[in-house]
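Worksheet for the structure shown next.
The values are calculated or read from the model by the stated rules, or taken from the named source; none is laboratory data. All values derive from a computational prediction rather than experimental measurement. Cβ sites come from the backbone with ideal geometry, for glycine too, and all protein chains shown count toward neighbours. Note: accessible area is taken over every heavy atom of the protein model, side chains too, but ligands, DNA and RNA are not part of it. Shrake-Rupley method; radii C 1.70, N 1.55, O 1.52, S 1.80 Å.
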Amino acid sequence: MTYRSVSQKRAIFRELHQTGCFVLPNPWDAGRASVLAGLGFKALATTSSGYAWSCARADGQLSRAETLAHLRAMVAATDLPVNADFESGFADTPEGVAESVRMAVETGVAGISIEDSTGDPQSPLREVEESVQRMQAARAAIDATGGDTLLVGRAENFFVGRPDLDDAILRLKAYADAGADCLYAPGIKTREEIKAVVSAVAPKPVNVLIGWASDLTLQDLA
């Protein structure tokens, strides 16, 4: 059996984002990653909530070290590209985000998503300027390690009880300008919301979460 190198998996992951719509399932452990690879999926993505729940912990309660160990296990479990749900970068400062991202790149993941949530229910979203600085730090860290890891910028409005589409789009456009390769607003559901986000950040690709009963087929999304 021929195994793909990390650089080959990253190249495949980028190509998938450039050539059309594809399904990116979220296994929460190595066993499920292996099963999904055997079913013919082309790439996988970790899930911070799924892995935390499997450890009897709440989402956001795992440490950076625990998350990095999980990423290494997931990458080792399959020959597919793996995107890392890396929460908000496990740091309070842009410099800390850069350090965390460098460590995540070293695990061999093909992509890394950084979100703009704070974990504070009273003030769940970071200010746009701060979030942009953190995204720029993540971009610089990736570039310093070769630049082939995909960076996903996430606007968490709809996930943290602030379902403001205009603000989410403003954030995603800012993250695209800051160097994000792909944009993601988990929680948008309607055709109109999805079209608005795709149009706003074009030609960069958009990730859409389907985690509920939806009338949208893969063909509809494509």
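For the options L172, L24, L71, a Gaussian network treatment of the chain with springs between C-alpha atoms closer than 10 Å singles out L24 as fluctuating the most. The overall shape of segment 10-111, judged from the alpha-carbon gyration tensor, is oblate: a/c is not under 1.5, and a/b is no greater than b/c. I'm spelling it out carefully: the read-out is P(r) over Cα pairs in 10 Å bins from 0, in percent, the candidates are (1) 8, 35, 40, 16, 1, 0; (2) 7, 27, 27, 18, 12, 7, 2, 0; (3) 7, 29, 37, 21, 6, 1, and one was derived from this structure. Which label? Checked against the structure: label (1). Amide H to amide H distances under 5 Å link L150 with G111, I112, where only residues 5 or more positions off or on other chains count and H is placed in the peptide plane.
Which percent of the accessible area of segment 118-222 is formed by carbon and sulfur heavy atoms (probe 1.4 angstrom)? Write down the numbers at each step before the final one.
Numbers: 2630 of 5250 Å².
That fraction is 50 percent.
Just subtract the alpha-carbon distance of D167 and D92 from 0.36 nm times their residue separation and send over the number in nm, one decimal. Write down the numbers at each step before the final one.
On the way: separation 75, 0.36 × 75 = 27.00 nm, distance 2.23 nm.
Extending this stretch completely gives an extra 24.8 nm.
Considering only alpha-carbon pairs that sit under 8 angstrom and 6 or more positions apart, the relative contact order computed for segment 1-121 is 26 percent. With contacts taken as Cα pairs under 8 Å and at least 6 residues apart, segment 39-179 reaches a relative contact order of 20 percent. Mean sequence separation of contacting Cα pairs (under 8 Å, at least six apart), scaled by the length of segment 97-145, corresponds to a relative contact order of 55 percent. Dividing the helix sum by the residues of the chain, where each DSSP H run of 4 or more adds -39500 (n - 2.57), gives a mean residue ellipticity at 222 nm of -14000 deg cm²/dmol. In order along segment 116-122, the Karplus-derived 3J(HN,Hα) couplings, from 6.51 cos²θ - 1.76 cosθ + 1.60 at θ = phi - 60°, round to 10, 7, 9, x, 9, x, 6 Hz, and Gly and Pro are given as x.
Peptides 176-182, 83-89, 120-126: what's the order by average Cβ count within 10 Å, highest mean first? Mind dumping the intermediate values first?
Numbers: 176-182: 19.3, 83-89: 24.4, 120-126: 13.0.
The most tightly packed comes first, giving 83-89, 176-182, 120-126.
Between R72 and Q8, full extension at 0.36 nm per residue minus the direct alpha carbon distance yields a gain of 21.4 nm.
Think of the chain as a dipole: +1 on every Lys or Arg Cβ, -1 on every Asp or Glu Cβ, centred on the Cα centre; then among A176, T217, A37, A37 lies furthest on the positive end. If a/c stays under 1.5 just call it rounded; otherwise compare a/b with b/c (prolate if a/b is bigger, oblate if not). Do that for segment 155-222, with a ≥ b ≥ c from the square roots of the Cα gyration tensor eigenvalues. Oblate is the answer for segment 155-222, as a/c is 1.5 or above yet b/c matches or exceeds a/b.
Average accessible surface for the chain: 48 Å² per residue, computed with a 1.4 Å probe over protein heavy atoms with every protein chain in place.
Order the peptides 144-152, 48-56 from the highest to the lowest mean number of other Cβ atoms within 10 Å of their residues. Before the final figure, lay out the partial values.
Numbers: 144-152: 17.8, 48-56: 16.0.
My ranking of the peptides, most packed first, is 144-152, 48-56.
So if I take the centroid of the Cα atoms in segment 145-222 and the same for segment 4-54, what is the distance between those two points in Å? What the calculation gives is 18 Å, centre to centre.
Annotation: for a label point projected 7 angstrom from Cα along Cα→Cβ of Q18, residues of segment 204-222 with backbone N closer than 14 Å are 204-205.
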